[in-house]
1. Residues being outside any helix (DSSP H, G or I) and modelled with pLDDT of 90 or more: count how many of those fall in the stretch A:186-209.
2. Where residues in the stretch C:31-52 are away from chain B (no Cβ under 14 Å) and surrounded by fewer than 23 Cβ atoms within 10 Å (Cβ to Cβ), which of them is nearest to C:Cys198 (Cα to Cα)?
3. Of all the strands (runs of 3 or more DSSP E) wholly in the stretch C:149-256, which have at least 1 residues that are over 13 Å from the mean Cα position of the chain (by Cα)?
4. Looking at the stretch C:93-116, which of its residues are of a type outside the set (Lys, Arg) and under 20 Å from B:Asp224 (Cα atoms)?
5. Working only within the stretch A:157-185, note down all residues that are part of a loop (DSSP other than H, G, I, E, B) and in contact with a helix residue (DSSP H, G or I) (Cβ under 7 Å, 6 or more places away or on another chain).
6. Give the residues of the stretch C:139-151 that are more than 13 Å from C:Val96 (Cβ to Cβ) and either facing another protein chain (nearest Cβ under 10 Å) or buried (at least 19 other Cβ atoms within 10 Å of the Cβ) (or both), sorted by residue number.
7. Do any residues in the stretch B:55-68 that are more than 10 Å from every other protein chain (Cβ to nearest Cβ) have Cβ atoms under 6 Å from those of residues that are basic (Lys, Arg), where the two are at least six apart or on different chains, and which pairs are they?
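The values are calculated or read from the model by the stated rules, or taken from the named source; none is laboratory data. Fair warning: this is a prediction, and the values are worked out from it, not measured in the lab. We place every Cβ from the backbone using ideal geometry, glycine too, and count neighbours over all the protein chains shown.
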Amino acid sequence: MKQLAVALVALLFCAGATQAKPARVASLNLCADELVLRLADPGQVASVTFLARDPRSSNVAALARQVPVNRGLAEEIVPLAPDLVIVGAYTTRTTTALLRRLGLEVLELGVPQTLDEAYDQIRLVAARLGTPERGAALVDEMEAAFAHLPAPAAQPPSAIVLRPNGFTAGRGSLPGEVMARAGLDNLAARLATDRLGQLALEEVVWAQPDVLVVNAAPDAPPSLADDLLTHPALAAFRSSGRSVSLPIRLWTCVGPQLAEAAARLAAAADTVAKAATETAAPPPGGPPSAPSRIQTALPTTGEAAR
Amino acid sequence: MTASPLSHKALIATLCVGVAVLLIASVAVGYAPLDLGAAIADLAAGRQTLPALVLAELRLPRAILGAAVGFSLGITGAALQGLMRNPLADPGVVGVSGAAALGAVVAFYFGFSSAFALALPLGGLIGAGLSTAFLLTLAGRGAGTATLILAGVALSSLSGALTALALNLAPSPYAALEVVFWLMGSLSDRSLAHVALALPFMAVGWALVLTTGRALDALTLGEDAAASLGFPLRRVRLLVIGGTAMAVGASVAVAGAIGFVGLVVPHLMRPFVGHRPGRLLLASGLAGAALTLGADIAVRLIPTRPELKLGVVTALIGAPFFLALLRHLKVDGE
Amino acid sequence: MLEARHISVNRGGTLVVRDLSLAARPGEMLGLIGPNGAGKTSVLRALAGLDPIAAGTITYGGRTADEIGRRVLGRTLAYLPQNGRIHWPLPVEEVVALGRLPHGAASVDDAVERAMDAVELAPLRRRSAGTLSGGERARLLLARALAVEAPALLADEPVAALDPYHQLQVMELLRATARAGTAVVAVLHDLTLAARFCDRIALMKDGRLIAEGPPAAVLTADRVGEAYGVTVERGEIGGEPFILPWRRHDRAPDRKEPEA
């Protein structure tokens, strides 16, 4: 994955050097939307996805309102005659293939797994849009914001991210790095096996993280996926202030919002750390000291109990 | 012959023991290495420990719902088969579960149940009630097995399509993907709140259905003979419709439409109750509870992530059984 | 015991029974005969309280069905439907025991034993009803009706599916039941059986009662000819009558379309 990103960057710098600044850019992916709307000149954007206008999922809803939207269909994109189409590596595959066959210039963005990859992606898109200075400024801004975070504690509080349907942020994910920078120890990295693992509610409760990061919108329309996040078994996290609600849009895509996510998590980590030093005692009742037990009891996700 | 009531009691007792064992097994199986003894001790003593929390908030609701949903499907399957004198009548096959799912989906995804919690079971109840009434009207007009099953197939497809449509129209982006839950059923991550919402309706449904036992016995001889024996058939039909609507509607509202339990279980139990439709009710309820608990234990032991839907396992067991059964069953005979 | 006064029965807007009066007395066997579509089954169903009557009254021992109540009516009369089916393969004795439902539980008691003995099914008591022959099933259904031990027994074509041996057996059984004090009403098609075993005959045509009385008075060549549109040959064997339908009339019997 990393090699691919490096290769892409290299490819881009070669290409960018020879190619003219694109005048009509279309984006087919929400995360591409955010970068394009932030980095391009106002007149440069021909179309972004409809998702970019939804303030629940997008950080650039206001900017997207001035731009035509698409639903990721080739027939919407071709008439725009874009000179650059930016797509995601895992979305609108059919459309992407079709656009390539039609000879359109397509830039494909992967999913960064680290902040460095995120910065690379910003620089890459900015360079391709012909606005490298804006990319550099955005990266500087983000780096500064992350630098402002308090230093992680010697024994960082443990945390698990819980998303609708029981998905979590696992090992080698961008949210994982954001958590680390915010001073949280991502327990799910030891539970879930891949970047986007799914956890049974029982595993989440049993792991007893110091902080439960809930990726939910409080005003989300009803669904079973979101219902899980308000399950009574998690009530103890909420009542004891160990649950922090973080809108998922803050860390799904690359942008300055990542720093905001980190700041919120750092605040939560700080609160929990303070509470722990005040009581200066292991968690009440139940199994003995939480961290040691978790590591021995739940080595992998694949293991159904007994 | 005093032997058969005694052996019937023995059968019921055996089934009760089986359900109890499976309830304990269901509570014992999960994703965390729970020390059940300690958890029960903590819970009984009112200590709010982690094992007590996992037991009370996750394992118990799942086990209780598994037993209650299975009991509902088994008993209503037996009641519908007895009432229609049709061995294929089952809440899933004849479309009652599908219609209940549609009602629950509308209640849940369009915000009615967040405004008013009881809207969820009531939605399922309305869907189940309307479809049961429709099928019984059809059966009352003398429709044969084939007509009834075809109507059920049509009803199932229609409610399945409308459920998918409703889920696509629902405001939540997750809704469309959750059609699997509603069509296949699952007991994962259910809470005591779901138990509290559904169990009272189910219990009333069971009670209504159980009062029809002797009338269902009499219906072995057909409607005229049953009526001449003093059974008010209109009331019996209403009791079965109402009981089925409540038990199946509430079950589907919290666990989705789990297929095949109501079909298979009465057939399994019939030889053990001397084919008496009245005695079949309680036996099928208990056997349905056992089957559903067993299937729900299986989905947790089968190492797939995410967990298999419960309806997948019941269909894997039920469908081949059903096909084998068809070889011995003259569906349109006599 | 069972008395219908001026009853009419409406089925789908058509009067299938008009102004018919009939009484069944304890100890007596009443044969209800007539051509197809005459309304025999409609009368029997009305007497059993299964269908509402459009006019007239039906009383059971002087009281109406409403006064008696559905539950008590269930043990006041036993009804044996035509072509009765047994939908689940219950053991024979349990089918018979269903006749005890109006008395409480469907348990195998003395009445069930008597009924099984009467139709000679006791040896098959544990057999599944699904494995019986047609004749055995018909006798089983009769035993079920007998097990009610009701003061009135209404049987719709009880011998329709039976071979001659079992036809005679069932008719003897019905007569014996009547002799024991039950009011028996049976819809019959076989004129000889009707003549030999019934105490009284009610002859119906087009929803009306056209003759009623002792067999010798009702089953005359003229009346049978008029009702069925056939000539009959009559005779006697050992003092008992036989009546054989012999030829069809040239024209079918003039059947009035019943008016609404």
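1. Of the residues in the stretch A:186-209, 4 are outside any helix (DSSP H, G or I) and modelled with pLDDT of 90 or more.
2. C:Pro35
3. Because the criterion is at least 1 residues that are over 13 Å from the mean Cα position of the chain (by Cα), the strands (runs of 3 or more DSSP E) in the stretch C:149-256 that meet it are C:200-205, C:208-213, C:230-237, C:240-248.
4. Passing the criteria: C:Glu94, C:Val95, C:Val96, C:Ala97, C:Leu98, C:Gly99, C:Leu101, C:Pro102, C:His103, C:Gly104, C:Ala105, C:Ala106.
5. Listed by number, the residues that qualify are A:Pro157, A:Thr168, A:Ala169, A:Gly170, A:Arg171, A:Ala182, A:Gly183, A:Leu184.
6. Of everything in the stretch C:139-151, just one residue is more than 13 Å from C:Val96 (Cβ to Cβ) and either facing another protein chain (nearest Cβ under 10 Å) or buried (at least 19 other Cβ atoms within 10 Å of the Cβ) (or both), namely C:Ala150.
7. Partner pairs satisfying both residue conditions: B:Leu65/B:Arg190.
Yes/no per residue for (1) free of Cβ contacts under 8 Å to residues at least 12 places away in the same chain; (2) touching a Gly at 6+ places or on another chain (Cβ under 6 Å):
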| residue | (1), (2) |
| --- | --- |
| B:Leu120 | no, no |
| B:Gly123 | no, yes |
| B:Thr137 | yes, no |
| B:Leu155 | no, yes |
| B:Ala175 | no, no |
